[in-house]
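I have placed the structure first, in the form of structure tokens, so that the comments after it can refer back to it.
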Amino acid sequence: VMSRIDALNQATKHILRVASVIGNAFDVSVLRRLLNASPDDARTEARLRYLVQLDLLDLAVGPSIPTYNFKHGLIQVVAYESLPFSTRRELHHRAASYLEEAHQEHLDPYIEVILHHFSFSQDQPKTLDYCVRAARKATQAFANKEAVSYYRHGLATLDKIGGHVAAERSYLFEFVGDCLDVSGQHGDAIKAYSRALS
């Protein structure tokens with residue numbers, strides 16, 4: 001896979017690598033933002049079509065904005081890992097910020113994706129914010145196990161933030177306890193409430 005990617009010219013290779021940060025499936029609007037390309041940039045489209053011809057990408061027919069998929073998950077992984085760590089962080093942050101801005105009026109469907117990108121960008125305050133948002137969304141859908149996972153992600157993020165975060169930790173442990181209690185895991189809920197109190 002790496003030899004196939006290395007055989008591409010620099011511009012096409014760059015598009016594939018940047019797309020790998022967005023995910024296994026990506027739409028052209030997000031890709032263009034990360035490439036700083038204009039909406040009518042024909043070169044990006046031409047290079048994407050070339051990547052489809054090479055069997056590295058698939059074009060998914062959609063109602064409006066073209067969406068592409070990596071032909072195989074391994075292609076995305078190899079392209080992603082060929083990027084420097086600092087570049088990945090920057091691109092994840094730009095992807096999260098773009099999605100947050102573009103969908104601010106209807107953010108709910110994008111919360112988990114935005115969380116993913118902020119988490120990989122290592123923007124801890126934003127990650128914490130979206131951990132809580134994702135947990136609340138999961139709770140509303142009665143997906144308490146997922147909510148606990150998001151709250152615990154938030155707790156791990158607080159450890160990275162450090163400083164005076166006792167109140168925030170208490171808040172998250174209380175909600176972990178609530179989710180566990182509703183799920184019938186009363187013993188674990190009591191432990192979470194105890195940690196919230198301490």
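The values are calculated or read from the model by the stated rules, or taken from the named source; none is laboratory data. Predicted, not measured: the structure shown is a model, and the values here were computed from it. Positions of Cβ are backbone-derived with ideal geometry, glycine not excepted, and every protein chain shown enters the neighbour counts. The accessibility values were calculated without ligands, DNA or RNA, using every heavy atom of the protein model including side chains. Shrake-Rupley method; radii C 1.70, N 1.55, O 1.52, S 1.80 Å.
In the set (1) under 26 Å from Phe118 (Cβ atoms); (2) in contact with a Phe, Trp or Tyr (Cβ under 9 Å, 6 or more places away or on another chain); (3) open to solvent by less than 30 Å² (accessible area, probe 1.4 Å); (4) part of a helix (DSSP H, G or I), Arg17 fails one condition alone, (3).
The residues of segment 119-130 that are crowded, with 18+ Cβ neighbours inside 10 Å and more than 25 Å from Asp27 (Cβ to Cβ) amount to a single one, Leu128.
When restricted to residues that are in contact with a Leu (Cβ under 8 Å, 6 or more places away or on another chain) and hydroxyl-bearing (Ser, Thr, Tyr), segment 84-120 contains 2. The C-beta contact set for segment 37-60 (first residue of a type outside the set (A, V, I, L, M, F, W, C), second residue open to solvent by 80 Å² or more (accessible area, probe 1.4 Å), distance under 8 angstrom, 6+ apart or interchain) comprises Arg49/Leu59; Asp55/Lys71; Asp58/Lys71. All conditions in (1) open to solvent by 40 Å² or more (accessible area, probe 1.4 Å); (2) among the polar types (S, T, N, Q); (3) part of a helix (DSSP H, G or I) hold for Thr44, with the sole exception of (1). Among residues belonging to segment 47-69 that are open to solvent by less than 90 Å² (accessible area, probe 1.4 Å) and β-branched (Val, Ile, Thr), point out the one that is farthest from Gln10 (Cα to Cα). Looking at residues that are open to solvent by less than 90 Å² (accessible area, probe 1.4 Å) and β-branched (Val, Ile, Thr), I get Ile65.
Within segment 172-193, can one find any residue that is within 25 Å of Asn24 (Cβ to Cβ) and either open to solvent by less than 60 Å² (accessible area, probe 1.4 Å) or not polar (S, T, N, Q) (or both)? No, segment 172-193 contains no residue that is within 25 Å of Asn24 (Cβ to Cβ) and either open to solvent by less than 60 Å² (accessible area, probe 1.4 Å) or not polar (S, T, N, Q) (or both). Show the residue pairs that are 6+ apart or on different chains and have beta-carbon atoms under 7 Å apart, the first residue being within segment 16-29 and of a type in the set (Ser, Thr, Tyr), the second being part of a helix (DSSP H, G or I) and open to solvent by 10 Å² or more (accessible area, probe 1.4 Å). Correct list of pairs: Ser20/Gln76; Ser20/Tyr80. Of all positions in segment 105-118, none carries a residue that is under 30 Å from Leu16 (Cβ atoms), open to solvent by less than 50 Å² (accessible area, probe 1.4 Å) and among the charged types (D, E, K, R).
Suppose we filter His93, His72 for residues that are closer than 28 Å to Lys126 by Cβ and open to solvent by 60 Å² or more (accessible area, probe 1.4 Å); which single one remains? The unique qualifying residue is His93.
All of Ala196, Ala166, Ala134, Ala138 fail the test of being over 25 Å from Glu100 (Cβ atoms), of a type in the set (A, V, I, L, M) and open to solvent by less than 20 Å² (accessible area, probe 1.4 Å), apart from Ala196.
In segment 141-151, the qualifying residues are those that are assigned to a helix (DSSP H, G or I), over 17 Å from the mean Cα position of the chain (by Cα) and not β-branched (Val, Ile, Thr), and the one that is surrounded by the most Cβ atoms within 10 Å (Cβ to Cβ) is Asn144. Scanning segment 164-183 for residues that are modelled with pLDDT under 95, of a type outside the set (Val, Ile, Thr), within 30 Å of Leu91 (Cα to Cα) and not in a helix (DSSP H, G or I) turns up at least one hit. Scanning segment 47-67 for residues that are of a type in the set (S, T, N, Q) and in a loop (DSSP other than H, G, I, E, B) yields a single hit, Ser64.
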